[in-house]
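Peer 1: Here it is: the structure, laid out below.
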Amino acid sequence: MRIFLILSIIFGLVALTAADKKCDSLEKGFKDCLSKGFKPKKLEGCKSGAGKMEKTDVKKCAKIEKKVIKKCDFSCDDEDGGEDGGDVREPFVPAAGSHYLVKKMDAPGAGQVVTAFSADKRNSESYFMATTENSDGPIPWKIEKASCNCQDECSCYKLTFRVKVTCCRYMYFAMSAHSDTLDNGDGRVIVHKTPYKPEDESWVIEPAVNGYKLKKAQGRHEGKYLVARVQRPGSGTRDTMFADITADSSAASIWDFETVAT
């Protein structure tokens, strides 16, 4: 009986060691997936690279994600505790009929909101987007679901606003991205007369610590993040900035959505 008990303990330890090794392998595989740009379907707070994955690789990584959750009770929060030690927001769900200010939450320019100035006109149908102080007549954005063909199930949104042209006519604009690439590798974000190209008007609102990241879902600059860090010429001490788009997820600006009456 004593020998049987000892053998049971030994075999139990061997099984635990094997399970630990299996989890180590699964966790390493999952982290490799994240570094290649995989966006988890279930796990929250994971930091993904800026790469674009093939559909077959996405499926493989999705299977690894399921295994690492089921067999290892893995959590991205266990790895780094979230950015800056804060809590990752719940997924954003816009209320029907509501309008929002898109407000910058991190420095530089914390508290500024997304807008477009007439001086930053690109052509007759678009303007370069920028941030400004809340008192400068901020844009109330309507946020609604958009068509999406990105990996797995995702929440793609279209952000639009309207401008009164005459007493009875309005023009509608949507947040989009310019095809040009800047010297630092970023792209430039624009507001474009809508309807435009559906794939260029789709954004993913990605939960982050203390707010959200806005990521291009499709079309031009797909997978890149909205960032405001380049000062507008002539903005002086007010330090308003152009809204650009970057492949570096760690450099992405953090945004929040403040309900506003229209």
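The values are calculated or read from the model by the stated rules, or taken from the named source; none is laboratory data. Since we're looking at a predicted model, the values are computed, not measured. Heads up, the Cβs are rebuilt from the backbone with ideal geometry, glycines too, and the neighbour counts pull from every protein chain shown.
Peer 1: Do you know which residues across region 30-56 are at pLDDT 85 or above and either out of contact with any Lys or Arg (no Cβ under 9 Å at 6 or more places or on another chain) or charged (D, E, K, R) (or both)?
Peer 2: Within region 30-56, just Thr56 meets the criteria.
Yes/no per residue for (1) under 15 Å from Ala174 (Cβ atoms); (2) touching a helix residue (DSSP H, G or I) at 6+ places or on another chain (Cβ under 9 Å):
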residue: Pro198; (1), (2): yes, no
residue: Gly211; (1), (2): no, no
residue: Leu214; (1), (2): yes, no
residue: Arg220; (1), (2): yes, yes
residue: Val230; (1), (2): no, no
residue: Thr240; (1), (2): no, no
residue: Asp244; (1), (2): no, no
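Peer 1: Let me ask you something else. Report yes if some residue within region 78-89 is in a loop (DSSP other than H, G, I, E, B) and either modelled with pLDDT of 75 or more or of a type in the set (A, V, I, L, M) (or both); otherwise report no.
Peer 2: Yes, region 78-89 has at least one match.
Peer 1: Further question on the same structure: Does Arg220 count as surrounded by 14 or more Cβ atoms within 10 Å (Cβ to Cβ), part of a loop (DSSP other than H, G, I, E, B), in contact with a strand residue (DSSP E or B) (Cβ under 6 Å, 6 or more places away or on another chain) and modelled with pLDDT under 90?
Peer 2: Against the criterion (surrounded by 14 or more Cβ atoms within 10 Å (Cβ to Cβ), part of a loop (DSSP other than H, G, I, E, B), in contact with a strand residue (DSSP E or B) (Cβ under 6 Å, 6 or more places away or on another chain) and modelled with pLDDT under 90), Arg220 qualifies.
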